[in-house]
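Here the structure comes first, spelled out in structure tokens, and everything after it is commentary.
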Amino acid sequence: MLVERTGVTICDERRATPGYTLFAPLGQPNAYIVNMRGEVVHHWDLGGSPGNYAYLLPSGNLLAAVRTGRGPQGLPAKGGHLKEFDWDGNLVWEHVDDFQHHDFRETGDGNIVYVRWEVMDPADAARVRGGRDGSEHPDGIHADVFCEIDRNGATVWEWHAAGCDAFYDFPINPLCPREEFCHCNALFPLANGDLLANWRFNHTMAITMAIIDRASGRLKWHHRDLAYGQQHHVQMLPNGNLLFFANGADVIFKGPRAGSKVVELDPETREIVWQFEETPPRSMFSWFIGSADRLANGNTLINEGVWGRLFEVSPAGEVLWNYISPFPGREMPYKDGNCIFRAYRYGPDAPELKGRLPADPW
């Protein structure tokens, strides 16, 4: 995608979903809310580069992860410092875990569940198959841990991928380093207390999506499809289907078919019930980050993350709103780019906004 201009380039006022869009550009210390015209109507200073993204809690506060300079070096999507801000930018809660990475979610009872790394025991590391030979991290192979904490920072529940025997059936992608056993990039609490998770490094050119039974720690369901070419932002919709951004990373080497798509999958039948891709497919291509959010009227907000492009499509695939982030990263590895990991749209009457912004977002 050639970026020739930034801001809003398409705006169908009749059919686009009215609201305010929240995102935190990678490599710079701010989270922004823009209206339908692409004008910044609110922002927060996070105090550092985001450990991927930020979102609004039901309370109206902003929850974000910020990178720390401690913990594992050289691993991607590191955060380490969870911060909760009120609307005015005051820090009201924080938790530091230098091994935190990628995703972090409020569970519904005020607790926070997040992904962290742990260095595998050598005996467990010897069981890990796949990946590039000799590419282990100097500290060893890092496996994922799901950690739930209360607001006092006390751990109330943990799940260790290294302790899940079923996970050793999923070898690391042969093109990926043996630095990480799992590389979870999405964590989604379900209504029944279980967790829907997504891993990028496991399986050959694919990722495992799985539902983890919180009580037993066992995998209740998992799915993989080589055609997705790795996924991001896996979530469960109210209708029980899964929505995710399929990166298409495995087709980088397949020329004209290179491209990303957004997929809605029926987890029972494993069939695709809706998808969006552009023509030609390479017109939308974000091979290592991206997100999709189903909006209240059935449209879908898509984040083509590599290019900082946020756009809304109808169920028929028509682009109704298109915005290119004008905020360049200031820190490596995102310096001078405008990458976005995840984005959310909130309606003017959304409970998270508490009526703080105009009823007319145009």
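Quick look at the values:
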{"item": "Test result for Asp88, in contact with a Pro (Cβ under 8 Å, 6 or more places away or on another chain), acidic (Asp, Glu) and more than 30 Å from Glu136 (Cα to Cα)", "result": "no"}
{"item": "Residue match in region 274-295 (condition: under 18 Å from Thr6 (Cβ atoms) and in contact with a strand residue (DSSP E or B) (Cβ under 6 Å, 6 or more places away or on another chain))", "result": "yes"}
{"item": "Subset of region 77-116 (residues that are in contact (Cβ under 8 Å) with a residue 60 or more places away in the chain and over 23 Å from Asn152 (Cβ atoms))", "result": "Ala77, Trp87, His102"}
{"item": "Elements of type strands (runs of 3 or more DSSP E) contained in region 22-71, each with 3 or more residues being over 17 Å from the mean Cα position of the chain (by Cα) and within 22 Å of Tyr323 (Cα to Cα)", "result": "30-34, 40-45"}
{"item": "Count of residues meeting criterion [more than 20 Å from the chain's Cα centre (by Cα), in a strand (DSSP E or B) and either buried (at least 20 other Cβ atoms within 10 Å of the Cβ) or not aromatic (Phe, Trp, Tyr) (or both)] in region 209-244", "result": "2"}
{"item": "Leading residue by the ranking (farthest from Ile211 (Cα to Cα)) among those in region 152-180 that are free of Cβ contacts under 8 Å to residues at least 24 places away in the same chain and over 22 Å from the mean Cα position of the chain (by Cα)", "result": "Asn152"}
{"item": "Condition met for Leu320 (over 20 Å from Ala64 (Cα atoms), of a type in the set (A, V, I, L, M, F, W, C) and touching a strand residue (DSSP E or B) at 6+ places or on another chain (Cβ under 6 Å))", "result": "yes"}
{"item": "Meets criteria (surrounded by fewer than 18 Cβ atoms within 10 Å (Cβ to Cβ) and on the phi < 0 side of the Ramachandran plot) for Leu82", "result": "no"}
{"item": "Some residue of region 9-17 being touching a strand residue (DSSP E or B) at 6+ places or on another chain (Cβ under 6 Å), part of a strand (DSSP E or B) and crowded, with 19+ Cβ neighbours inside 10 Å", "result": "no"}
{"item": "Subset of region 119-135 (residues that are under 24 Å from the mean Cα position of the chain (by Cα) and surrounded by 18 or more Cβ atoms within 10 Å (Cβ to Cβ))", "result": "Gly131"}
{"item": "Every residue from region 45-79 that is surrounded by 14 or more Cβ atoms within 10 Å (Cβ to Cβ) and charged (D, E, K, R)", "result": "Arg67, Lys78"}
{"item": "Tally, over region 128-154, of residues that are part of a strand (DSSP E or B) and out of contact with any helix residue (DSSP H, G or I) (no Cβ under 9 Å at 6 or more places or on another chain)", "result": "5"}
{"item": "Some residue of region 159-178 being assigned to a loop (DSSP other than H, G, I, E, B), modelled with pLDDT under 95 and surrounded by fewer than 14 Cβ atoms within 10 Å (Cβ to Cβ)", "result": "yes"}
{"item": "Matching residues in region 127-148 - criterion: being out of contact with any Phe, Trp or Tyr (no Cβ under 8 Å at 6 or more places or on another chain) and either modelled with pLDDT of 95 or more or over 24 Å from Leu226 (Cβ atoms) (or both)", "result": "Gly134, Glu136, His137, Pro138, Asp139, Gly140"}
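Every residue, every condition in (1) closer than 20 Å to Leu196 by Cβ; (2) among the hydrophobic types (A, V, I, L, M, F, W, C), yes or no:
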residue: Leu82; (1), (2): no, yes
residue: Asp86; (1), (2): no, no
residue: Asn90; (1), (2): no, no
residue: Asp103; (1), (2): yes, no
residue: Glu106; (1), (2): yes, no
residue: Ile112; (1), (2): yes, yes
residue: Asp121; (1), (2): no, no
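The values are calculated or read from the model by the stated rules, or taken from the named source; none is laboratory data. Every value quoted in this text rests on a predicted model; they were computed, and no experiment measured them. So basically every Cβ, Gly included, is an ideal-geometry build from the backbone, and we count neighbours across all protein chains shown.
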